[in-house]
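Here is the structure we will look at, set down as structure tokens.
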Amino acid sequence: TKDAFAHTMLGTIYLALKDQSRALALFESALAIEPRDVSALVYRGEIRLNRGKVKPAIEDLGAAIKFGSPTDPFVERAGRLLRMAKALVRRARR
């Protein structure tokens, strides 16, 4: 389907099933359709962060904050994850 929401929701199901690879593919599909899909950006950023891909995670989380509303729970989650990611970068530089 060409509906980003459907890809994102299916991705969350795979994420709940602990299949990060399939979830990631679906979040990327959603973002190919709708590059400003805040929830897909946050989920993809979280997966990337879990996989140690800190720089791309920071980019996703920053984009989610940029595109989303400050009152959106996904934006709040992106902010928390972004702070964690930046702390990892600071620790790695020491």
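The values are calculated or read from the model by the stated rules, or taken from the named source; none is laboratory data. All figures in this text were calculated on a predicted structure; none of them were measured in a lab. FYI the Cβ positions are ideal-geometry reconstructions off the backbone, even for glycines, and counts take in every protein chain you see. To get the accessible areas, we keep the full protein, side chains included, count just its heavy atoms, and leave off ligands, DNA and RNA. Shrake-Rupley method; radii C 1.70, N 1.55, O 1.52, S 1.80 Å.
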Item to check | Translational diffusion of segment 1-42, µm² s⁻¹ [Kirkwood Rh, Cα pairs; Stokes-Einstein; 25 °C; 0.890 mPa s] | outcome: 256 µm²/s
Checklist entry - If a helix is a whole DSSP H run, which ones in the chain reach 15 Å or further along their own axis (Cα) and hold a mean Kyte-Doolittle hydropathy of at least 0.5? => result 4-16, 20-33, 54-67
Checklist outcome for this item: Note on the chain: C-alpha Rg/Rh, Kirkwood Rh, two decimals, gives 0.98
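I'd like to compare 22-28, 2-8: which one has the highest average count of other Cβ atoms within 10 Å, and what's the full order after that?
Taking the mean over residues of other Cβ atoms within 10 Å, the ranking is 22-28, 2-8.
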Item to check | Residue-normalised accessible area of the chain, given per residue in Å² at a 1.4 Å probe | outcome: 62 Å²
